1. Go through segment 183-204 residue by residue and tally those that are farther than 18 Å from residue 222 by Cβ and touching a residue at least 12 places away in the same chain (Cβ under 8 Å).
2. Just need a number here: residues in segment 141-154 that are over 17 Å from residue 120 (Cα atoms) and at pLDDT below 95.
3. Regarding segment 146-154, can at least one residue be identified that is assigned to a helix (DSSP H, G or I), touching a strand residue (DSSP E or B) at 6+ places or on another chain (Cβ under 8 Å), in the same structural domain as residue 242 (by TED's automatic domain parsing) and buried (at least 24 other Cβ atoms within 10 Å of the Cβ)?
4. From the residues in segment 241-261 that are touching a residue at least 40 places away in the same chain (Cβ under 8 Å), within 26 Å of residue 102 (Cβ to Cβ) and part of a loop (DSSP other than H, G, I, E, B), which one is nearest to the chain's Cα centre (by Cα)?
5. Please enumerate the residues belonging to segment 278-295 that are touching a strand residue (DSSP E or B) at 6+ places or on another chain (Cβ under 9 Å) and not in a helix (DSSP H, G or I).
6. Answer yes or no as to whether residue 266 is in contact with a strand residue (DSSP E or B) (Cβ under 8 Å, 6 or more places away or on another chain), farther than 20 Å from residue 139 by Cβ and exposed (fewer than 12 other Cβ atoms within 10 Å of the Cβ).
7. Here are some conditions: (1) touching a residue at least 40 places away in the same chain (Cβ under 8 Å); (2) surrounded by 14 or more Cβ atoms within 10 Å (Cβ to Cβ). Residue 293 meets all but one. Which one does it not meet?
8. Got a sec? Which of 237, 264 is in a helix (DSSP H, G or I), free of Cβ contacts under 8 Å to residues at least 12 places away in the same chain and assigned by TED's automatic domain parsing to the domain that holds residue 172?
């Protein structure tokens, strides 16, 4: 009997030892997984910080003359008219970098938009022509700030279109506005699976706008890419991530967003519709030191 009891006790001890060993291995595995996860998080955090810090300043200018197209630019790594805050100043001739009035003389109107954003397209329909006419007349200082917010949609159309536009602004600024308008006119609907404009379609729009093949060849491998990515980050920050955003300022005042650029109304049938907001009034308000939406 004693031997049998001892045997059973021995078996129980062995089982307990095996169970403890299993638990120990499990704890080690969990600890190891936790350590790996923490290391991975640390690496991701470091990359985010590194990327953020690397984009805090614009890419350095090279001063090398452009070679694509016919006009070229003083620096092919950024658009003509590129501002320190990432926007592109549009001149009286509607070309980036062209002659433009002083920010102390007229209201600066900055448009932060994504070429795929449907509301940005609506803004273009509502106020695009009026803004262009005012820029030509020297009545406003117009700044275009394209961003890449809708990532993942339409085969990254937002990025492809933005990069193409910035490339044209760098190498052939005289054709930028026509190409910019063509991109809005042919804006695809947001979709994960269909409706995107291919690179070939974007190239065709550029050709129709007068852009040379030499510049178009740079669309998918553009020297402007680093600047465009930095500029997009700056634009999203200025607009608090909202597109479109219209920012107005005058003579050094803090830029203020105009939130009534599109007004809701009701037609004769009682259906809701939208109409263009009072652009002239908003500009006059800002010049008078008032908020754009002041009554």
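1. First, the residues of segment 183-204 that are farther than 18 Å from residue 222 by Cβ: 184-196.
Narrowing further to those that are touching a residue at least 12 places away in the same chain (Cβ under 8 Å): 184, 186-192, 195-196.
Residues that pass the stated criteria total 10.
2. To start, the set of residues in segment 141-154 that are over 17 Å from residue 120 (Cα atoms) comprises 141, 152.
Cutting the leftovers down to at pLDDT below 95 gives us 152.
Summing the residues that are over 17 Å from residue 120 (Cα atoms) and at pLDDT below 95 in segment 141-154 gives 1.
3. Residues of segment 146-154 assigned to a helix (DSSP H, G or I): 154.
After this cut, where a residue has to be touching a strand residue (DSSP E or B) at 6+ places or on another chain (Cβ under 8 Å) as well, the list is none.
The answer is no, given that none of the residues of segment 146-154 is assigned to a helix (DSSP H, G or I), touching a strand residue (DSSP E or B) at 6+ places or on another chain (Cβ under 8 Å), in the same structural domain as residue 242 (by TED's automatic domain parsing) and buried (at least 24 other Cβ atoms within 10 Å of the Cβ).
4. Top of the filtered list is 244.
5. Result: 278, 291, 292, 293.
6. yes
7. Going through the list (1) touching a residue at least 40 places away in the same chain (Cβ under 8 Å); (2) surrounded by 14 or more Cβ atoms within 10 Å (Cβ to Cβ), residue 293 breaks only (1).
8. Values: 264 fails: in a helix (DSSP H, G or I).
Exactly one residue qualifies, and that residue is 237.
The values are calculated or read from the model by the stated rules, or taken from the named source; none is laboratory data. Everything quoted here is computed from the prediction, not taken from an experiment. Please note: Cβ atoms are built from the backbone with ideal geometry, for glycine as well, and neighbour counts cover all protein chains shown.
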